1. Does GLU2 qualify as being among the charged types (D, E, K, R) and modelled with pLDDT under 95?
2. Can you say whether THR47 is touching a strand residue (DSSP E or B) at 6+ places or on another chain (Cβ under 7 Å), among the hydroxyl-bearing types (Ser, Thr, Tyr) and open to solvent by 40 Å² or more (accessible area, probe 1.4 Å), as far as the supplied structure shows?
3. State the number of residues belonging to the stretch 26-40 that are at pLDDT 95 or above, loosely packed, with under 11 Cβ neighbours inside 10 Å and farther than 15 Å from TYR57 by Cα.
4. Which numbered condition trips up PRO9, out of (1) open to solvent by 80 Å² or more (accessible area, probe 1.4 Å); (2) assigned to a loop (DSSP other than H, G, I, E, B)?
5. Quick check on this structure: which one of THR55, THR63 is of a type outside the set (D, E, K, R) and open to solvent by less than 80 Å² (accessible area, probe 1.4 Å)?
6. When the stretch 23-65 is examined, which residues are found to be in a helix (DSSP H, G or I) and either of a type outside the set (Val, Ile, Thr) or within 9 Å of the chain's Cα centre (by Cα) (or both)?
7. Name the pairs: first residue in the stretch 34-50 and within 20 Å of LYS4 (Cβ to Cβ), second residue part of a loop (DSSP other than H, G, I, E, B) and open to solvent by 80 Å² or more (accessible area, probe 1.4 Å), Cβ to Cβ under 9 Å, at least 6 apart or on different chains?
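The values are calculated or read from the model by the stated rules, or taken from the named source; none is laboratory data. Note that the structure is a prediction, hence the values are computed from the model and not measured. Using ideal geometry, Cβ is built from the backbone for each residue, glycine included, and neighbour counts are taken over all protein chains shown. Protein only, heavy atoms only, side chains kept; ligands, DNA and RNA dropped before computing areas. Shrake-Rupley method; radii C 1.70, N 1.55, O 1.52, S 1.80 Å.
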Amino acid sequence: MELKIQVLPDGRVGDIFITKSSGYPLLDDTALAVVKGWTFFPAADDTGPVSSSQTIYVPFRLTEP
């Protein structure tokens, strides 16, 4: 699956959107919740940290129990 995220100047995740679904709503919801809790090194310019947009790829491998 593919997510588009906004990384805030403090490294937290701001807006987050699914740009390519896994095809399984439970996996999509779980990925959104997990990535929302991540912290990133923010982008920076001459004035310091700034917001940026990033694309995150979340691979899933489904196996039978």
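1. Working: among the charged types (D, E, K, R): yes; modelled with pLDDT under 95: no.
In short, no.
2. Working: touching a strand residue (DSSP E or B) at 6+ places or on another chain (Cβ under 7 Å): no; among the hydroxyl-bearing types (Ser, Thr, Tyr): yes; open to solvent by 40 Å² or more (accessible area, probe 1.4 Å): yes.
Judged against the criteria, THR47 is not a match.
3. Qualifying residue count for the region: 1.
4. With (1) open to solvent by 80 Å² or more (accessible area, probe 1.4 Å); (2) assigned to a loop (DSSP other than H, G, I, E, B) applied to PRO9, the lone miss is (1).
5. Details: THR63 fails: open to solvent by less than 80 Å² (accessible area, probe 1.4 Å).
Just one listed residue meets the conditions, THR55.
6. At the first step, the residues of the stretch 23-65 found to be in a helix (DSSP H, G or I) are 25-36.
Selection gives PRO25, LEU26, LEU27, ASP28, ASP29, ALA31, LEU32, ALA33, VAL34, VAL35, LYS36.
7. THR39/ASP10; PRO42/ASP10; PRO49/ASP10; PRO49/PHE41
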